[in-house]
Amino acid sequence: MARRSSLAYLGLTMVALLCGSAFVMPAVPKSSPEKTQVITAGGALLLASMPAPAYAGGMFDFGLTLPFVALSFLTMMFVLNALWYSPMTEEVDERNAKLLQTLSEATDMLAKADEMQVQYTADIKEAREKASKELADARKATEEAIAAEAKAADSKREAEARDFKAKLDAEFAEKVKGSESTIQERQKDFVKSSLAAVGL
């Protein structure tokens, strides 16, 4: 970049020297005062005897100034374009290329991210459905196991209740049978005591 700027300064200096030297009045050799007066008087007579050009001093009376300015302008344009604007244009083009490449990479990454998001969304949906189904199956299996255990516990309780009732009935029957003789003896004693109290 420093080399380019030094080349640009060099080119501008050359253009300034070319343009500046055209406007500097050439050096007049020193001559005697009489010779100078004769030349001046001759110039004045020549100028007075020349016919005045039509529209002298008009808007477009440029003489050699217009071609010189045009040549200076074109020279400066080519020099500036070669030394200043071409490197800048190259840098701008490189920057634009890098920006386009970065934009393309970002677009590709965004497209990949969108694809990954769609894939992950589908995977999450499938996992949720699978988990929901497994949860429903586990709940159903648990409810069936609890119902089976409750039924088994009811059956066991009813069997134990029947066994206990049968045992109680058997004990009751045995006690009734065992106490039947005692009841008959007490009945006889009661009847005797009742009859004795009545006096029979």
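For region 111-184, just list the percent of Cα-Cα distances falling in each 10 Å bin from zero outward, please.
Whole-percent P(r) values from 0 Å outward: 16, 17, 15, 13, 11, 9, 8, 6, 4, 2, 0.
Based on alpha-carbon centroids, what's the gap between region 118-137 and region 138-200 in Å, whole number please?
With region 118-137 and region 138-200 each reduced to a Cα centre, they are spaced 60 Å.
Percentage of Cα-Cα pair distances in region 59-200 greater than 27 Å, rounded to whole percent?
Working: 7617 of 10011 pairs.
Tail of the P(r) past 27 Å holds 76 percent of the pairs.
Sticking to Cα atoms, compute the Rg of region 158-200 to one decimal and its Dmax as the biggest Cα-Cα distance, whole number, in Å.
Cα radius of gyration and Dmax of region 158-200 are 17.7, 57 Å respectively.
On full extension of the chain, what length is gained from Asn96 through Lys112, given 0.36 nm per residue of separation minus the C-alpha to C-alpha distance?
Values: separation 16, 0.36 × 16 = 5.76 nm, distance 2.41 nm.
Extra length available between Asn96 and Lys112 comes to 3.4 nm.
None of the figures in this text is laboratory data; all of them are computed from the coordinates on show. Remember, it's a predicted structure, so these values are computed and weren't measured experimentally.
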